[in-house]
Structures are given as structure tokens and as C-alpha cells.
Amino acid sequence: MKETLLNGEWALIDEPLTTLPQDAERVLARTEGWMSQPVPGDIHQGLMAAGRIRDPLLGLNSFDCAWTEDRSWWFRKIFPTEPAWLASDAVELELNGLDANASIFLNGHHLGDHRSAFYPFVTDIKTHLNVGGHNTLLVRLTTGVEGVTSDMLAALGVPVSTEAGNGRPERGDQRRVFVRKPQYSFGWDWSPRVATTAIAGDVKVRAFNTACIRDVRVLPHRLPDADITRAIDVRVTVTVDFLHYFKTGEGTLRLTLYDADRRQVLPPLSKTVLLRSGLNFIDFALHLNAPRLWWPNGLGAQHRYVVQVELRTQRERAVHTVKAGLRFIDLIDRDRFAFVVNDRNLFCKGANWIPADTLYARVTSEKYDQLVREAQCANFNMLRVWGGGLYEPEAFYDACDRYGILVWHDFMFACAPYPDHLPWFVEEVRREADYQTKRLRNHACIALWSGSNENNWAFDEWWHGQTRSGAYLYNYLLPAIVRANCPEIPYWNGSPYGGETPNAPDVGDRHHWFDCMMNPDMNKRITPEEYDKCTALFISEYGYIGAPVKETVMAYLDGAPLDRQSPVWQHHNNTFEKNTVDAGIRKHYADPESISLDEYFLYSGLTQGLMYGYSLESFRARSNCYGGLFWMYADCWGEVGWTILDSYLRRKPAWYFVRRAFAPARLILRETTKGRVTITLVNDTPLVLKGILEYGVMPLDGRPRDQRRDLRRARFLSLPMTRSIVAEFRRGAHDPATHLWMARVTRLNTPEVQIIPATLRVSDVRNLKLLKPNLTLALSKAGPRLWHASVSSDIFAHAVQLTLPADALPEDNYFDLLPGETRTVLITSGRPLHLGQVGLTSVWRSDR
């Protein structure tokens with residue numbers, strides 16, 4: 001088998017929407033107006049390169065790109081016929097990511113039409129190739145919605161919601177539900193309307209002789225009554241396509257198993273088989289002693305075996321290689337909602353994933369790697385791929401496999417009724433789901449398939465039983481496909497789902513929005529202690545809004561003045577912000593009208609960090625909660641919004657708060673209604689932790705009035721993957737403006753785990769009498785490109801910030817220090833780092 005990529009530079013031209021597929025010959029005859037276009041790529045990239053538009057994600061430029069929706073877009077690629085193709089039995093053309101409503105032509109022949117961006121167009125083109133010459137491939141695309149009528153919308157039973165009711169009339173499009181493409185591209189609360197038109201994936205030509213390998217499926221199996229760490233069986237199913245439509249033939253398959261270091265694990269296995277016309281399924285059985293299992297981040301290594309299958313026929317030699325992490329995953333949904341991986345209970349720590357760019361076709365493999373690596377560094381073990389985005393390219397899932405990030409994967413349906421009364425639509429969904437579940441089933445990271453985002457909830461609380469549009473998909477079609485293609489991966493009907501009402505706290509997962517961030521009572525939005533009231537088993541969505549760092553804002557304002565009341569600022573302000581950021585700053589730090597812009601960015605980030613850090617700790621501390629996924633992880637464009645990683649991949653202050661909240665071992669203090677303080681130790685490690693705990697009340701100025709009374713010590717023992725209350729004490733009558741309640745580990749049995757001190761405030765930060773601390777810094781080399789910064793304070797220091805050169809990155813920042821505490825922070829820097837390059841600040845009140 002020979003594969004040729006047709007990626008790279010194509011040509012692009014636009015025509016009115018009324019220029020239809022039957023006009024292809026005329027379009028192709030045009031000699032002027034063609035511009036260079038990258039593939040994979042979106043039309044907006046070609047238009048920017050040609051100087052016809054400016055980057056739609058900067059300033060107010062997205063409004064100037066609306067005209068692109070009223071055009072048809074024609075992609076052209078000229079490529080030579082390779083001699084080997086003509087001698088082959090079949091020559092396949094595969095186009096991935098056709099967004100949307102594609103018509104495909106080769107050398108004037110209409111190869112077909114394709115409705116979906118979510119599975120590839122594939123056809124045999126051998127009879128249409130030009131012998132000894134060049135070929136012209138032409139693809140017509142549009143945004144996809146132009147053919148949707150008012151009658152089609154009316155048949156849904158209820159309107160499709162948009163952002164018009166939130167003051168954003170341009171964002172959202174009711175017609176989107178009829179088009180199988182990323183739904184967010186018409187605009188969402190966190191993304192502008194930049195309707196994508198793209199060839200978003202690879203374009204390939206494959207030449208085959210006699211037969212080819214279509215798929216290699218790797219599936220581990222438990223042995224009866226056996227420990228999976230000692231021995232397992234593995235079944236490998238190879239799907240071979242024998243290309244002759246009525247003959248049989250003979251083929252030999254050879255399977256070799258390697259470990260991650262390419263060392264052969266078992267002797268190769270061979271089979272010579274009779275190949276029938278079409279699909280043949282050949283099984284291999286392997287037995288592994290002491291298998292190297294794949295583990296989520298924090299529990300062990302992410303080992304992946306390499307399965308190499310060679311097919312030989314009289315005229316063909318094909319090799320197919322698969323990387324497969326072997327793991328066992330279960331979802332316990334009775335009386336809890338808990339994932340179990342390799343027989344270990346898991347608290348899911350992470351966030352919701354949206355497409356990494358509003359122009360999703362331009363996201364590089366390097367960007368996917370950095371995004372997922374940053375999630376690993378923040379102690380995530382799960383990302384939820386949200387249902388209004390896309391099935392991501394291989395680079396994303398490969399990164400999740402490498403870094404140990406489980407993927408809760410929605411099917412691509414979000415916040416709307418879907419037309420499952422139309423046979424053509426159901427067939428499109430069937431093909432999409434069949435393709436994607438088979439494509440992704442070898443990835444160890446895939447932990448769950450979920451039917452939709454919020455549509456089950458909508459049936460009850462939004463649409464009040466007025467429509468069932470989409471229910472057949474989530475309740476019948478999709479679970480049957482998952483069961484057929486990957487039964488080892490759990491299926492859940494939607495998110496949220498479970499209970500008498502689909503967002504009930506006592507069954508399934510919950511989107512915890514209206515109790516806090518979307519509550520009409522502003523005080524509930526900005527008070528972190530409200531999350532102590534949450535009783536949900538698994539929180540799969542909730543969030544809080546904060547500004548990115550100043551450098552990012554200056555970049556996306558694109559030269560406009562930094563004015564928080566300006567139209568460009570408001571365009572880049574999340575729809576649901578609704579003055580929440582200012583209110584949060586006012587409650588926790590200072591009156592927003594009296595602070596500088598630099599203070600605004602700092603306090604906004606710290607408030608968002610406080611809200612995320614406190615809430616996630618509340619979920620972790622509760623014994624009947626099994627996961628906390630906040631909304632959302634990273635931006636697709638620049639805005640004041642939900643994320644902890646902005647669109648320029650800069651960490652917002654909240655990233656560090658989340659990292660601490662998700663630490664493998666964490667102390668969490670909470671005040672009870674009886675005036676007592678409980679100390680919970682969460683141990684998400686595979687180790688037994690034991691040591692000595694010091695806890696009690698500490699003045700901010702570091703001078704205990706009676707240390708024997710205010711600070712106590714106790715021994716503790718914590719088993720792997722548990723959380724338990726290790727101490728409890730009376731809060732007492734200490735002044736909350738001058739005291740903190742704290743706990744710290746003074747002795748621990750293992751150096752492999754670090755447990756940082758924990759504090760409890762019973763007063764807002766702005767009411768604390770924060771004095772100016774005497775901060776000291778020592779810097780030492782820790783390894784190649786690594787430095788240790790040791791930071792100390794004489795008194796309590798809040799939000800200690802290390803300011804570093806642009807290419808230096810600390811693993812922790814914006815942290816609190818107890819009186820006399822020293823915190824050692826690891827810094828990565830591409831250049832030598834000197835003490836004079838490191839700034840050190842904290843938040844304190846000059847009037848105290």
C-alpha cells in the first residue's frame with residue numbers, strides 16, 4: 001500500500017452561493033481570482049494571507065468577516081498521477097474534515113457529495129485519473145446552513161437557542177442543528193461568530209494491490225479470578241479488505257508485539273488465511289504475564305505497547321502499526337458516579353475541553369501537545385470533550401495517551417433539539433458515530449462516550465416536554481453503536497443526566513450552574529463557600545470568569561485603547577460575565593473603580609483562582625463526590641472568560657490555584673456548623689502516607705499568643721486513593737481579620753509526595769489585616785534548564801508572585817506563605833537564570 005498526502009498549498013476562489021455544483025466547469029475555467037490556501041486549513045487563513053481580511057479573532061474584525069457566509073468556496077489541487085497508481089487494483093481518495101456540504105470533482109467527474117465534517121469522504125478514483133498527466137481535484141464548500149428552511153426548523157417543535165437573548169444577536173444560528181459540523185462556529189458565549197468553511201483534515205490518495213489492512217483492534221481481557229497486574233489476555237483483531245469483488249485469495253499475517261522501548265515482548269505470531277471478497281476479520285490471542293498497564297496521570301506510567309501487523313499477499317505487502325495502552329475502565333453509576341481504572345477508584349480532576357481555536361483547522365500538533373501537557377502539569381487526570389465542538393485530530397488523543405489524561409467524550413450534539421425524524425440525518429449520525437468509535441477505541445485515554453451536552457436536561461427544564469427531537473439518537477442509536485464497536489468503554493446518555501430530573505444531584509453527573517455562577521443573586525456567584533453546599537455525585541460543569549493576563553489583552557485588542565467600557569473590550573467579554581468580575585474584585589480585594597488596570601488584572605485572576613481552588617477542594621473533600629470538571633480549560637480566542645489557560649497559551653493566575661487544588665495529596669480545612677474546623681487529607685496517590693500533622697490557629701503576624709494552646713500535633717495514616725478527616729478542632733473566638741486556621745505536615749514517611757500547608761479564612765481577603773511581609777529569595781541550579789527558587793516570609797504573605805523572564809515558567813505561583821514558611825518552586829528556563837531577573841511581590845494593605 002502506498003499513501004500520498006495532498007496536503008499543503010491549494011488554490012481557493014469564492015463565488016456567490018448561487019454558484020452550484022453543476023457550475024464546477026465554469027469555476028474551474030476561471031483564470032483570475034485564485035488565492036493560495038493551506039490544507040488542512042480554513043478559508044479565513046487563505047483570506048488573511050491574501051490581505052482580504054484581518055485576523056477575525058482580533059479586535060472587532062469578526063464582524064467584517066460575515067460576508068464569507070454568503071459565498072461558496074472552491075478549493076483546487078493539481079497533482080500528478082503516479083505510475084504505481086495505474087498498476088494498482090484500487091486507488092482511494094480520502095478527504096477529512098469537509099466543512100461543510102461538500103461537492104467533490106476530479107478531472108471534471110462529479111465524485112459525490114458529502115454532508116459531514118465528522119467522517120471522511122472516501123471513493124475509488126482509479127478510473128478518473130489522467131494517465132501520464134496531472135489531475136485537478138475541486139471541492140465546493142459552504143458554511144452549510146444555506147439550505148435550511150423555516151419549515152425544517154418548525155418541525156423541531158421548539159426554537160434552537162442563540163445568544164440573541166444575552167445581547168449578542170450575531171452569535172448562534174438556529175439552522176446549525178441540520179449541519180454536521182462544529183456547532184460553536186456560529187458563535188457561543190465564549191466564541192465570536194466566525195462561521196468555518198474548511199478542509200480541516202488530511203487529504204490522501206492510497207493505492208492498493210490485492211488487499212489492505214483496514215483496522216487493527218487491540219482489546220485486553222481479564223483472566224478469571226486473576227490479578228490484572230499479574231496476567232491478562234489480549235485479543236488483536238485485524239480487519240483485512242480483499243479487493244476482488246468475487247474471487248478468493250491467500251494472505252499471511254504476522255503480528256509482533258513490542259513494548260514502548262521497541263523491545264519485542266513475545267515471539268511473533270503468524271497466520272495464513274483464505275481471504276474472501278471484502279472484509280475479513282482475523283483474531284490473534286496473546287497472553288501477557290506482568291503486563292505494563294496504562295495509568296491515568298498520578299497513578300502510574302502511561303505505557304503503550306506497539307502492535308505491528310504485516311500482511312503479505314502475492315502482490316502486496318502492507319504494515320500497520322498501532323500504539324495501545326492496556327487498561328480496564330468501569331463506570332459505577334448506582335449510588336455513585338465513579339470511574340474505576342485498573343481496579344482503582346478514581347476522583348476525576350479536570351476541566352471541559354472546547355476546540356483550541358475558533359478556526360479549529362489551523363491548530364497544530366505542537367499546540368495540542370502543549371495544551372495537554374499543561375493539563376498534566378496542573379494535576380489533571382480528565383478532560384471532557386464538549387459536544388458543541390469536534391472529534392479532535394489524532395494529535396489530541398495521542399497527547400492524552402502520552403500524558404495520562406482520560407477523555408470523557410461527548411458525541412457532537414449541544415444545547416438544541418436535533419432532527420432525528422429525518423432518515424438522512426439519522427444515517428449521517430450513524431456513519432459519524434460508527435467511524436469515530438472505531439477510530440478512537442484503541443486510545444487508552446477514552447473513558448466514556450456521552451450522548452450530548454445538556455439536551456437531556458433541556459427536554460425537561462428548557463423545553464418542558466414539547467419536543468423529543470434528538471432523543472432517539474442519545475437513547476437508542478448511539479448506545480447501540482458504542483456497544484457494537486467498543487463495549488469496554490462505558491456509555492452515558494448525556495451530560496448532565498441521571499435521576500427524576502436530568503440534572504439531579506443524587507444520580508449521575510451534574511452541571512452546577514444556577515446555584516452559583518448563574519444565580520441571579522450576585523453574592524452567590526462570587527462567594528466560594530456556596531460550593532460547600534453542593535451535594536452532587538459528579539460535577540461535570542460549573543465555572544467562574546476571570547480576565548487573562550494583560551499581555552494577552554493588549555494583543556487581542558489589536559491596537560485599540562485598553563478601555564474596559566469600549567466596544568472592543570465588551571466584544572471580548574464573555575456573555576455571562578454580567579459584571580461578575582468587578583463584583584468579585586469588590587468582595588475579595590478592593591473597589592474596582594479605585595484600582596489601576598494592573599491591579600484589575602491581578603485581582604481578577606486571584607478571584608477566579610480563589611473560586612476555582614476553593615470549589616474544587618470542596619468537591620474533593622466530600623466522600624460522596626467522585627469528580628470535579630470545571631468550565632472550561634483553554635480559550636479558543638482572547639476574552640475575559642472561563643478558562644485557566646488563555647488563547648496565547650499563557651497561564652492565568654487561576655491555573656496555579658487549580659494545580660494546588662488538584663495536588664496528588666492535599667490538606668483541606670472546612671468550618672462546620674458547630675463551630676469546629678475539620679482537616680481532610682485527600683490521598684490520590686498509590687502510596688500509604690503517614691506522618692505528623694501540626695494544626696490550629698495562627699496570627700497573620702506570626703506571633704502565637706499561646707502556641708501550646710493554639711497549635712497542636714497529631715499522627716495520621718492515609719491509605720492509597722482515600723480521603724479522610726485526620727483532625728478536628730474548635731475554631732474559637734479569634735479575630736478573623738488577624739488570624740488564619742491552618743494545618744501542615746511536619747513529618748512524612750516518603751519524599752515522593754509533597755503536601756503543602758493549608759489554610760482556612762473566615763473573612764474575605766480584603767478584610768484581612770495583611771501587613772507587608774519581608775520576603776526573601778534564594779536561587780539554585782536544579783538540573784538542565786531547571787532552577788529552584790526558595791521563597792520565605794517572616795509573616796503571613798498572600799498571593800506571593802514570582803516575576804520571571806518571558807521564557808521562564810514556575811511550577812507554582814500566586815501562593816500563600818505561613819509565617820516562617822519556606823516554599824521551594826521549580827522553574828524551567830531556556831536561558832540561565834540569575835537572582836536579579838526574579839521579582840518577588842505579594843498582596844498587602846498599606847492602610848493596615
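Listed values, structure above:
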item	result
Residues of the range 572-587 classified as assigned to a helix (DSSP H, G or I) and open to solvent by 10 Å² or more (accessible area, probe 1.4 Å), total	4
Qualifying positions in the range 17-33 - open to solvent by less than 50 Å² (accessible area, probe 1.4 Å), in contact (Cβ under 8 Å) with a residue 40 or more places away in the chain and not aliphatic (A, V, I, L, M)	T19, P21
Cβ pairs under 8 Å, 6+ apart, first in the range 266-288 and of a type in the set (V, I, T), second modelled with pLDDT of 95 or more and open to solvent by 20 Å² or more (accessible area, probe 1.4 Å)	T272/E250; T272/T252; V273/E250; V273/T252; I282/T237; I282/K271; I282/V273
Which numbered condition I827 misses (of (1) more than 23 Å from Q608 (Cα to Cα); (2) open to solvent by 10 Å² or more (accessible area, probe 1.4 Å))	(2)
Residues satisfying the stated conditions in the range 116-173, i.e. touching a helix residue (DSSP H, G or I) at 6+ places or on another chain (Cβ under 6 Å), over 27 Å from R26 (Cβ atoms) and aliphatic (A, V, I, L, M)	L153, V160
Selection count where residues are among the hydroxyl-bearing types (S, T, Y), open to solvent by less than 10 Å² (accessible area, probe 1.4 Å) and either touching a strand residue (DSSP E or B) at 6+ places or on another chain (Cβ under 6 Å) or under 21 Å from A378 (Cβ atoms) (or both), scope the range 400-451	1
Test: residue in the range 65-76 that is surrounded by fewer than 19 Cβ atoms within 10 Å (Cβ to Cβ) and either under 22 Å from E3 (Cβ atoms) or at pLDDT below 95 (or both)	yes
Residues of the range 551-569 that turn out to be surrounded by fewer than 15 Cβ atoms within 10 Å (Cβ to Cβ) and under 27 Å from the mean Cα position of the chain (by Cα), as a count	2
Subset tally (residues that are closer than 30 Å to G584 by Cβ and free of Cβ contacts under 8 Å to residues at least 12 places away in the same chain) for the range 731-781	2
So R670, is it basic (K, R), modelled with pLDDT of 95 or more, within 30 Å of T196 (Cα to Cα) and in contact with a helix residue (DSSP H, G or I) (Cβ under 7 Å, 6 or more places away or on another chain)	no
Top-ranked residue of the range 588-621 - restricted to ones that are part of a loop (DSSP other than H, G, I, E, B) and touching a residue at least 60 places away in the same chain (Cβ under 8 Å), ranked as nearest to A799 (Cα to Cα)	Y589
Breaking point among (1) under 25 Å from the mean Cα position of the chain (by Cα); (2) in contact (Cβ under 8 Å) with a residue 40 or more places away in the chain, for A231	(1)
Those residues of the range 797-842 which are touching a residue at least 40 places away in the same chain (Cβ under 8 Å), outside any strand (DSSP E or B) and not polar (S, T, N, Q), in sequence order	E811, D812, Y814, L818, P819, G820, E821, G830, L833, H834, L835, V838
Within the range 830-843, considering residues that are crowded, with 18+ Cβ neighbours inside 10 Å and of a type outside the set (G, A, S), the one farthest from I585 (Cα to Cα)	L833
Near pairs, Cβ below 8 angstrom, 6+ apart or cross-chain, from the range 463-483 (open to solvent by 60 Å² or more (accessible area, probe 1.4 Å) and at pLDDT 95 or above) to any residue that is of a type outside the set (K, R) and in a loop (DSSP other than H, G, I, E, B)	Q466/G157; Q466/V158; R468/G157; Y472/D420; N475/G451; N475/N493
Residue within the range 795-814 that is over 26 Å from A743 (Cα atoms), at pLDDT below 95 and either open to solvent by 50 Å² or more (accessible area, probe 1.4 Å) or among the acidic types (D, E) (or both) present	yes
Hits in the range 207-224 (condition: open to solvent by 30 Å² or more (accessible area, probe 1.4 Å) and closer than 30 Å to T81 by Cα)	N209, R214, D215
Test: residue in the range 13-21 that is under 31 Å from the mean Cα position of the chain (by Cα), in a loop (DSSP other than H, G, I, E, B) and not small (G, A, S)	no
Which numbered condition G157 fails, given (1) open to solvent by 10 Å² or more (accessible area, probe 1.4 Å); (2) under 30 Å from D646 (Cα atoms); (3) small (G, A, S)	(2)
Residues of the range 261-289 that turn out to be in a loop (DSSP other than H, G, I, E, B) and open to solvent by 90 Å² or more (accessible area, probe 1.4 Å), as a count	5
V145, sole failed condition from (1) surrounded by fewer than 19 Cβ atoms within 10 Å (Cβ to Cβ); (2) out of contact with any Ser or Thr (no Cβ under 9 Å at 6 or more places or on another chain)	(1)
Strands (runs of 3 or more DSSP E) contained entirely in the range 653-763, each with at least 3 residues that are open to solvent by 50 Å² or more (accessible area, probe 1.4 Å) and more than 30 Å from Q801 (Cα to Cα)	711-718, 722-730
Subset of the range 225-236 [part of a loop (DSSP other than H, G, I, E, B) and either surrounded by fewer than 16 Cβ atoms within 10 Å (Cβ to Cβ) or touching a His at 6+ places or on another chain (Cβ under 9 Å) (or both)]	D225, A226, D227, T229, R230
Qualifying position, being open to solvent by 30 Å² or more (accessible area, probe 1.4 Å) and β-branched (V, I, T), among T252, T196, T239	T252
Every pair of residues 6+ apart whose Cβ atoms lie under 7 Å, when the first sits in the range 3-15 and is more than 16 Å from G97 (Cα to Cα) while the second is of a type in the set (S, T, Y) and open to solvent by 30 Å² or more (accessible area, probe 1.4 Å)	E9/S36; A11/S36
L47 surrounded by 18 or more Cβ atoms within 10 Å (Cβ to Cβ), outside any helix (DSSP H, G or I) and modelled with pLDDT of 95 or more	no
Selection within the range 239-260 - under 30 Å from N289 (Cβ atoms) and assigned to a loop (DSSP other than H, G, I, E, B)	D259, A260
Selection within the range 491-523 - in contact with a helix residue (DSSP H, G or I) (Cβ under 7 Å, 6 or more places away or on another chain), closer than 17 Å to Y614 by Cβ and buried (at least 16 other Cβ atoms within 10 Å of the Cβ)	D515, C516, M517
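The values are calculated or read from the model by the stated rules, or taken from the named source; none is laboratory data. None of the values given here were measured: they were computed from a predicted structure. Virtual Cβ from ideal backbone geometry, glycine too; neighbours counted across all protein chains shown. Ligands, DNA and RNA are stripped out before the accessible areas are found, and what is left, the full protein with its side chains, is counted by its heavy atoms. Shrake-Rupley method; radii C 1.70, N 1.55, O 1.52, S 1.80 Å.
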